[in-house]
Amino acid sequence: MLKRYILQLFIVSAITVLIFQFQSCSPEEIIKTVTTVEVTAKDRLDSANAQAIRKYGAGTKLALIMGKNVKANGKTELSAISLATNPDSVGAWLYVFRVPSDTSLRIYTPNPLPTTSDCIELTAFFSPTQLVNLIQDTSARNIVSGALNIILTTDIGVTTSPSALLNSDASLNLANNTNPVIKFDSGFLPSSSSLNGASFFSSGTNQSRNMILIPAAGTLNLPAYITSLTGFPADLWIVQYNKTNSSNQSESLILGTVVQSGQMMGIPNLSLQSPVINLSKY
């Protein structure tokens, strides 16, 4: 509680300073400028990586990225007021690193204050085990949460170079608009599907999106079960779509997209190729 109070006090104090700095602006401009910043996943990745390496050593490596409440444009809306009020409910990107000295995890999030380009370390305020609870109410929960558990407990991380990674907006565009999508039924029989993010969100209310960049090789381990799938990447962007349907029930769709331009997954015997795979049926 003391650490949380200190963080809240720091951010509120910073906001107060900024208000004085922007006192020549109108009240509406001050509120908008001070409280809201939108960023894609890669906008602050280099900063988070540099800060983590500087503090914890050269062997520090990216384990995963989690995006909470990602907007339709592939960005998260950072709110300094929300962070000061409740750090656990930050709707932002979380950059999770593994530290070589003790193999534990460190978590960073973009600094929401305007004119900044750095990140804030949230390790003391956010339990890494909460990452497992991101994927809920879906038949994909076991396979994805199992992958997250492996990431949390073993020395595995993202191997794709940050410069080569598709940004969150590009991945979300693939998940939204790709047709066909590769799909497997409960018996691991492959087929094509026209269900993508846009069609899933063509109905329903309370729509939201979460995204995770994970080291898929050795975690999801799909090729071991689906031998006909080719081109499965070492890392994978996972997009979780949530909504409330007309029966007032919660529904989720989980799609995995490739993480580099030009990557393609395929089912040769069906002459089917796609940069997106439906994970919701597992």
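Any read-out appearing in this document is the output of simple, stated calculations on the displayed coordinates, not a laboratory observation. Since the model is a prediction, treat every value here as computed from it, not as a measurement. In this analysis, Cβ positions are derived from the backbone assuming ideal geometry, glycine residues included, and neighbour counts consider all displayed protein chains.
Annotation for Leu270 and Thr159: the two label points, set 7 Å from Cα along the Cα-Cβ direction, are 2.6 nm apart. A cut-off under 14 angstrom between Cβ atoms defines the neighbours of Gln207, and their net charge, with Lys, Arg +1 and Asp, Glu -1, is +2. Taking amide H atoms as placed 1.01 Å from N in the peptide plane, the amide H of Leu166 lies under 5 Å from those of Gln260, Ser261, each 5 or more residues away in sequence or on another chain.
Any idea how far the Cα center of the range 252-278 sits from the one of the range 144-182, in Å? Between the Cα centres of the range 252-278 and the range 144-182 lies a distance of 12 Å.
Can you sort Phe232, Phe97 so the residue with the fewest Cβ neighbours within 10 Å comes first?
Result, fewest neighbours first: Phe232, Phe97.
Extension gain, Thr244-Ser208: 0.36 nm per intervening residue step, less the Cα-Cα distance, totals 12.0 nm. Over the range 195-262, the reciprocal of the mean inverse Cα-Cα separation, the Kirkwood hydrodynamic radius, stands at 13.5 Å.
Footprinting exposure proxy ranking of Arg44, Arg106, fewest other C-beta atoms within 10 angstrom first, gives Arg106, Arg44.
Among the listed pairs Lys183/Lys243; Lys68/Lys243; Lys55/Lys75; Lys42/Lys183; Lys42/Lys68; Lys42/Lys243, those whose Cα-Cα separation exceeds 24 Å are Lys55/Lys75; Lys42/Lys183; Lys42/Lys243. Taking every DSSP bridge with both residues inside the range 168-278, close to 95 percent are antiparallel. Please give me the summed charge of the neighbours of Gly57: other residues whose Cβ is under 12 Å from its Cβ, Lys and Arg +1, Asp and Glu -1. So the environment of Gly57 carries a net charge of +4. With each label modelled as a point 7 angstrom along the Cα→C-beta vector, the Asp118-Ala234 pair spans 3.1 nm.
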